[in-house]
1. So is Leu60 under 20 Å from the mean Cα position of the chain (by Cα) and at pLDDT 95 or above or not?
2. Report, ordered by the first and then the second residue, all pairs with beta carbons closer than 9 Å, sequence separation of six or more or different chains, a first member in the range 67-86 that is of a type in the set (Val, Ile, Thr), and a second member that is not in a loop (DSSP other than H, G, I, E, B).
3. With Leu183, Leu164 as the choices, which residue is of a type in the set (A, V, I, L, M, F, W, C), under 13 Å from the mean Cα position of the chain (by Cα) and within 29 Å of Gly71 (Cβ to Cβ)?
4. When the range 50-97 is examined, which residues are found to be surrounded by 20 or more Cβ atoms within 10 Å (Cβ to Cβ), part of a helix (DSSP H, G or I) and of a type in the set (Asp, Glu)?
5. With respect to Lys294, determine if the residue is in a helix (DSSP H, G or I), over 21 Å from Lys226 (Cβ atoms) and either among the β-branched types (Val, Ile, Thr) or not assigned by TED's automatic domain parsing to the domain that holds Thr144 (or both).
6. If a residue must be assigned to a loop (DSSP other than H, G, I, E, B) and among the polar types (S, T, N, Q), how many such residues does the range 140-183 contain?
7. Looking only at the range 276-286, decide whether some residue is hydrophobic (A, V, I, L, M, F, W, C), closer than 30 Å to Val115 by Cα and either assigned to a helix (DSSP H, G or I) or at pLDDT below 95 (or both).
8. I'd like to check something: does the range 263-278 contain any residue that is of a type outside the set (A, V, I, L, M) and touching a strand residue (DSSP E or B) at 6+ places or on another chain (Cβ under 8 Å)?
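The values are calculated or read from the model by the stated rules, or taken from the named source; none is laboratory data. Computed from a predicted structure; not experimentally measured. Cβ coordinates were reconstructed from backbone atoms using ideal geometry, including for glycine residues, and neighbour counts include every protein chain displayed.
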Amino acid sequence: MKVENPKISIIIPSYNPGEMILDTMNSLVNQKYKNFEVILSDDGSTDNTIELVEGYLDRLDIVFVHNQNSGGPAKPRNAGIKKARGEWIAFLDHDDSWSDNKLEEVSTYFENQDVIYHQLEIINNKRESRGIVNTRKLSGDCFTDLIVNGNAIANSGAMVKKELIERAGYIEEDKSFIAGEDLDLWIKVSRLSSKFLYIEKILGQYRLEPGQNLSESSIKIIDVHKIIYYRYKEHLNLRKQRFAEANISYTSARIFHKLNMFKEAGRAYISSLGSNILSVKLKALVGLLLLSLKLIRIKLQ
């Protein structure tokens, strides 16, 4: 039986966000869709996070979950999910925020979907736009797409049925998966359901923190994508394995290239050229050419 306006549980893992969490909480106060609870799963904050969020108790249904510092978001997210009373789980990081119509917009698709996700605008601390988080519509077999092409889903833009997370075994808490635990979750969920819906609209904001080390996080993503690939490799046929490996090499090359890690980029491009996947070969060839031109320009300076 269809439930009108089903309850949503919003999971916010927090660790010392300071006053940044005020934007997050204010965006929830302003939601047009009202049947939701907020689960603040705090990971041992030593600042005034709890006191700041307690200031919203008269306006929001808030559940507090207290954890010892685990050093990553997976454990507090899982603790929050286990406390959730909603049919749907929405993830929201402690420094991100949503548009007023986010829940209302997403709720219109509840009846026929299991995972719903949308675009996020990247903003800095002055709330100036810095682009859009890289998301995409999954094509064909969602399971294969996620393994071969990497994550398509921004965490603070995702909603999923709680029972699917439970059936998938929750979020991976092994610390070697940090920066990739969300991709691993979507892969596990995609083995249970193909009902993933992409809303090509900006319905929230992803905050780029001051001093955020994009180099370290990008390299970590390369490493964890490889770990995840080898976890699920056996479920792909040989052709898809080759495509995935070529694509991982090419994606790694592009990241190294952007970070001016020229030696690593060159090796990864050359590895991609060894693929028998023509589309990847051509992209790698272009990348290698652009890398060579860049090195020539640097030497001539």
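1. Working: under 20 Å from the mean Cα position of the chain (by Cα): no; at pLDDT 95 or above: yes.
Criteria not met by Leu60.
2. Listed pairs, sorted by first residue: Ile81/Ser9; Ile81/Ile11; Ile81/Ile39; Ile81/Ser41; Ile81/Ile89; Ile81/Lys162; Ile81/Ile165; Ile81/Glu166.
3. Leu183
4. If the condition is that a residue be surrounded by 20 or more Cβ atoms within 10 Å (Cβ to Cβ), part of a helix (DSSP H, G or I) and of a type in the set (Asp, Glu), then no residue fits.
5. Values: in a helix (DSSP H, G or I): yes; over 21 Å from Lys226 (Cβ atoms): yes; either among the β-branched types (Val, Ile, Thr) or not assigned by TED's automatic domain parsing to the domain that holds Thr144 (or both): yes.
Against the criterion (in a helix (DSSP H, G or I), over 21 Å from Lys226 (Cβ atoms) and either among the β-branched types (Val, Ile, Thr) or not assigned by TED's automatic domain parsing to the domain that holds Thr144 (or both)), Lys294 qualifies.
6. As a first pass, look at the range 140-183 and keep what is assigned to a loop (DSSP other than H, G, I, E, B): 140-141, 150-154, 169-174, 178-180.
Remaining after also requiring among the polar types (S, T, N, Q): 151.
Residues flagged as assigned to a loop (DSSP other than H, G, I, E, B) and among the polar types (S, T, N, Q) within the range 140-183 amount to 1.
7. Our first condition is that a residue be hydrophobic (A, V, I, L, M, F, W, C); within the range 276-286, this holds for 277-278, 280, 282, 284-286.
From what's left, closer than 30 Å to Val115 by Cα: 280.
Those still in the list that are either assigned to a helix (DSSP H, G or I) or at pLDDT below 95 (or both) too: 280.
Within the range 276-286, one or more residues are hydrophobic (A, V, I, L, M, F, W, C), closer than 30 Å to Val115 by Cα and either assigned to a helix (DSSP H, G or I) or at pLDDT below 95 (or both).
8. Here is the first cut: in the range 263-278, the residues of a type outside the set (A, V, I, L, M) are 263-264, 266-267, 269, 271-272, 274-276.
Okay, now just the ones that are also touching a strand residue (DSSP E or B) at 6+ places or on another chain (Cβ under 8 Å), so none.
No, the range 263-278 has no match at all.
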